[in-house]
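Below: one structure, written as structure tokens.
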There are 2 protein chains.
Amino acid sequence: MRNIKLTIEYDGTRYAGWQVQNSHKSQVTGHNLKTIQHEIETALYKMLHKKIYLHASGRTDAGVHARAQVANFRTGSRLTPDKLRIGLNALLPEDISVLEAEEAQEAFHSRFSAKSKVYRYTILNRSAKPAILRQAVYFYPYPLNLKLMRKEARVLLGRHDFKSFQAADKRKRGAVRRIKRVEVKRDKEFIHIDLEAEGFLYNMARNIAGTLVEIGRGRFPEGSMKTILLAKNRKFAGPTLPAKGLCLLKVMY
Amino acid sequence: MRNIKLTIEYDGTRYAGWQVQNSHKSQVTGHNLKTIQHEIETALYKMLHKKIYLHASGRTDAGVHARAQVANFRTGSRLTPDKLRIGLNALLPEDISVLEAEEAQEAFHSRFSAKSKVYRYTILNRSAKPAILRQAVYFYPYPLNLKLMRKEARVLLGRHDFKSFQAADKRKRGAVRRIKRVEVKRDKEFIHIDLEAEGFLYNMARNIAGTLVEIGRGRFPEGSMKTILLAKNRKFAGPTLPAKGLCLLKVMY
């Protein structure tokens, strides 16, 4: 059996996420919703005539995009990785693209081998709503104090209990994570919030982005990030920003 | 009467263009197709309760985008330009956004006052199809010789008869235009072809882009651009690339 590693770009707009969460599935209709994982597994089945299970570096939520999600699967097929990539791209819908396919080492696992992941939250910060990039940004029309956002963001660096930034309905025992890098940068009308961590809690990136916007617009004062972090209570943090602004940029191995 | 100048961004994907050409209209069903001009005029009618005629800097074709189209109209309304902008953006569909509204001088006309326009043709040049930007780029997966494309593009600079790059079914008497600037540049996986001219012929930007791709991939040899230009015959130029790669970047006054 060969172990094939795929690097995948997708526009998450039409999907219920990489994979449907069980709770989510039952809440809606009990039927399967469209997921990126299912689309790729279906395409693999058409090519290889075998049921394939795809392991991703992690789930992305409904509406969240990826520039380079990583997933792997095992197959006895002799198709070269490049033929697999070309075949998959011919079969996949237009909003999912396999950027790379390569043979990985036997022990490689997209999730367990990952050293860290980089998520980017993108805010369009100008007075008029976005037309061209409306599915890929969160629109915020008022001034934001980037200097303060940067200063407060640095508080997040390192190992902390991020309970305050975890979705309130999640009761995972451990909320300790390590943020290796956080950057808040402006590129013309866009503000990018880049977060690199070994692992993320559910909604963590969107809740951190929401908190930084509250700080940037002056609703949360200087020093808030530390207070919120220490409170270990979701109620103190800012709102969960919309999924469409979030993109999984990279997975590091 | 005040003269209001609008700067407009739109995603042209869903539209038959800025305005439907008469020939186009009759070819299809005789019914009106969705146009950007019509959407904005309808929104203006809702706000001002008067029929407004919007003059644009020029038509853009079906599927072509704009980052900053300019259009103007006259109104007796006392609404401030900013209120007009905010009202329009609330009424317009999500793929059209008014970036700016300002009062222009009495004599200002979006088309006749324009000094030049900048169009950008964007090619995604990598091995895998685009997922996220699939509506805004032309996908070309094979190597392109940018150095040669740049050299050949320079032949286009200045005043020439661009008949070779005009849509074959158009029989305008004069095809002489002046290209003020042409740039072929790489930005990571993207290649941008920027063209600035006082005026463009129908399909001119897409035909020039198509010719440059033929040169870049080696199908047209060095020196072709001059031969094609002098031939004054559409048959010699490259194909008309898809509308989705084209964007009206800017109008200069």
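Confirm whether B:T211 is surrounded by fewer than 20 Cβ atoms within 10 Å (Cβ to Cβ), polar (S, T, N, Q) and in a helix (DSSP H, G or I). Judged against the criteria, B:T211 is not a match. Filtered by the rule that a residue be of a type in the set (S, T, N, Q) and more than 14 Å from chain B (Cβ to nearest Cβ), segment A:46-89 gives A:S57, A:N72, A:T75, A:S77. The residues of segment A:209-226 that are polar (S, T, N, Q) and out of contact with any Pro (no Cβ under 9 Å at 6 or more places or on another chain) amount to a single one, A:S224. Given the criteria surrounded by 14 or more Cβ atoms within 10 Å (Cβ to Cβ), in a loop (DSSP other than H, G, I, E, B) and touching a residue at least 40 places away in the same chain (Cβ under 8 Å), does A:L201 qualify? No. Among the residues of segment A:106-134, those that are within 14 Å of chain B (Cβ to nearest Cβ) and among the hydrophobic types (A, V, I, L, M, F, W, C) comprise A:L124, A:A128, A:A131, A:I132, A:L133. Of B:R111, B:R78, all but one fail to be farther than 14 Å from A:K129 by Cβ and modelled with pLDDT under 95; the exception is B:R78. Just wondering, is there one or more residues in segment A:30-40 that are open to solvent by less than 10 Å² (accessible area, probe 1.4 Å), within 16 Å of the chain's Cα centre (by Cα), within 14 Å of chain B (Cβ to nearest Cβ) and at pLDDT 95 or above? Scanning segment A:30-40, I find at least one residue that is open to solvent by less than 10 Å² (accessible area, probe 1.4 Å), within 16 Å of the chain's Cα centre (by Cα), within 14 Å of chain B (Cβ to nearest Cβ) and at pLDDT 95 or above, so the answer is yes. State which residue is most open to solvent (accessible area, probe 1.4 Å) when the search covers only segment A:135-171 and only residues that are free of Cβ contacts under 8 Å to residues at least 40 places away in the same chain and within 14 Å of another protein chain (Cβ to nearest Cβ). Selected residue: A:F139.
Residues in segment A:214-226 that are open to solvent by 10 Å² or more (accessible area, probe 1.4 Å) and under 19 Å from A:R177 (Cα atoms): A:K226 only. A single entry from B:L241, B:L229 fulfils the requirement of being over 19 Å from the mean Cα position of the chain (by Cα) and buried (at least 19 other Cβ atoms within 10 Å of the Cβ): B:L229. Taken over segment A:54-79, the criterion of being surrounded by fewer than 19 Cβ atoms within 10 Å (Cβ to Cβ) and within 13 Å of A:R2 (Cα to Cα) is satisfied by A:R74, A:T75, A:G76, A:S77, A:R78, A:L79.
Within segment B:76-93, is even one residue over 30 Å from A:H65 (Cβ atoms), touching a residue at least 24 places away in the same chain (Cβ under 8 Å) and in contact with a helix residue (DSSP H, G or I) (Cβ under 6 Å, 6 or more places away or on another chain)? There is at least one residue in segment B:76-93 that is over 30 Å from A:H65 (Cβ atoms), touching a residue at least 24 places away in the same chain (Cβ under 8 Å) and in contact with a helix residue (DSSP H, G or I) (Cβ under 6 Å, 6 or more places away or on another chain).
The values are calculated or read from the model by the stated rules, or taken from the named source; none is laboratory data. For clarity, every value in this text was computed on a predicted model and none was experimentally measured. We place every Cβ from the backbone using ideal geometry, glycine too, and count neighbours over all the protein chains shown. Heavy atoms of the whole protein, side chains included, go into the accessibility calculation; ligands, DNA and RNA do not. Shrake-Rupley method; radii C 1.70, N 1.55, O 1.52, S 1.80 Å.
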